[in-house]
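Encoded as structure tokens, the structure appears first; notes follow it.
A short reminder: the numbers here are calculations on the coordinates, not readings from a lab. Note that the structure is a prediction, hence the values are computed from the model and not measured. With ideal geometry, Cβ positions are generated from the backbone for all residues, glycine too; neighbour counts draw on all protein chains shown.
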Amino acid sequence: RAKAEGRGTHRASTAEPDAKVNRARDVKFALNNALNLDEFYLDYQPIIRLASGEISAVEALVRWKHPQYGILAPDLFIPEAEHSGAIIPIGRYVIAAACAFAATIPAAIAVAINVSAVQLHDASLLETIATCLATHGIAPARLEFELTETAMLDITPQTVAALEGIKALGCGLSLDDFGAGYSSIATLFYFQFDRLKIDRSLIRDAIGESRRRIILRNITRMARDIGIIVTGEGAETEQHRTALIELGFDDAQGNLFSPPLPAAELQRQLREVAWGEQAGQGRF
Ligand code: C2E
Ligand code: MG
Ligand code: MG
Ligand code: MG
């Protein structure tokens, strides 16, 4: 754009980066401010063991209760948080809140926490996790850290150390949104994931398409052979549930079973299940 304005008008070319810097600073300020004002909170979505209908884990999903715009979904602010670096303190809040929640639900249920690639570059990540585990008396195996494939594109010696450190603490690792983007078999080859989450686009597209079903059936078989739990994301219909069982999936997550719920609502439901089980009733 500066060029189009002709020779001698260097204003635009210097003003533009300034505007960018200002905007990035404003966004970072807004996000950190929201954190200080306690405007972030977590909803939790159950992940269901298909064979038993029991809850195998719950995934913590961050929301921003914005004073003007209402409840904002993570896709609206996580990219900005990653870009500005605000994801580090926000991520710390998420880990602490998820650990506090884990202490309030049955120990058989794991809590899944999404982490960005940026967080893997934070030298204090492992210490944050260890401190939160200790503070709330949580067994490390109850936490599963979810990384998207995109996060795995950005692998450096530091991120490798972070992933190995998470495993060394005794926590689980999940590969999120598998098949949505830049799937690489190397990710599975070099890292010991405990759970593979197949992206909802693949689940949706597998319905009634035999070639696609064969691919998924072989992914679940491979995963089982190396001891990885396979979850189908975005299960919305009975047809999805039937297909996932038939294709060898262990777990499923989606609105068919439950949408993401406020912590108090999930705690209430879990208390009900405990009563229901005594009466011989499952939940899902
Ligand atoms: P994700 O980790 O793949 O989480 C699953 C997303 O799918 C959630 O969106 C969930 O609400 C949605 N979902 C669940 N069941 C269904 C269904 O049946 N149908 C459809 N269409 N969608 C379903 P949400 O909560 O908007 O989160 C979006 C993404 O934001 C997450 O995708 C995750 O990558 C990221 N995210 C969420 N919380 C955090 C966090 O605390 N930290 C970081 N770094 N990222 C987060
Ligand atoms: Mg996730
Ligand atoms: Mg996902
Ligand atoms: Mg996603």
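If the only charges are +1 at each Lys and Arg Cβ and -1 at each Asp and Glu Cβ, what is the size of the charge dipole of the range 114-171 around the Cα centre, to the nearest 20 debye? Numbers along the way, then the final one.
Working: 2 positive and 7 negative charges, 41 e Å.
About 200 debye.
Quick one: of the DSSP bridges fully inside the range 13-146, what percent are antiparallel, nearest 5?
Rounded to the nearest five, the antiparallel share is 60 percent.
The range 102-236: D in µm²/s via Stokes-Einstein (Kirkwood Rh, Cα pairs, 20 °C, 1.002 mPa s)?
136 µm²/s
Which one of A73, A151, A161 has the biggest mean-square fluctuation once the chain is modelled by GNM with Cα springs under 10 Å?
Maximum among the listed residues: A73.
Per the chain: cysteines with no other Cys C-beta under 4.7 angstrom?
C171
Top mean-square fluctuation among H66, H240, H136, Gaussian network model of the chain, C-alpha springs under 10 Å?
Among H66, H240, H136, the largest mean-square fluctuation in the Gaussian network model of the chain belongs to H66.
Farthest toward the dipole's positive end in the range 35-184, which of Q119, L37, T131, given Cβ charges of +1 (Lys, Arg) and -1 (Asp, Glu) about the Cα centre?
Checking the options against the dipole of the range 35-184, the answer is T131.
Given only helices, namely DSSP H runs of n ≥ 4 each adding -39500 (n - 2.57), what is the per-residue ellipticity at 222 nm of the chain, to the nearest 500 deg cm²/dmol?
-14500 deg cm²/dmol
Using Cβ contacts closer than 10 Å as the measure, can you line up D122, D225, D176 from fewest to most?
Fewest-to-most ranking of D122, D225, D176: D225, D122, D176.
Quick one: Y190, Y41, fewest Cβ neighbours within 10 Å first, how do they rank?
So the residues, fewest neighbours to most, are Y190, Y41.
Tell me the net charge near Y41. Cut-off is 13 Å between Cβ atoms, Y41 excluded, with +1 for each Lys or Arg and -1 for each Asp or Glu.
With Lys, Arg at +1 and Asp, Glu at -1, the neighbours total -2.
Could you line up K197, K20 from fewest to most neighbouring Cβ atoms inside 10 Å?
With the fewest neighbours first, K197, K20 line up as K20, K197.
Could you check which residue among V115, V230, V21 shows the biggest mean-square fluctuation in a GNM of the chain with a 10 Å Cα cutoff?
V21
Would you check the chain for Lys pairs whose C-alpha atoms are within less than 19 Å, ignoring same-chain pairs closer than 8 in sequence, and give me the count?
4
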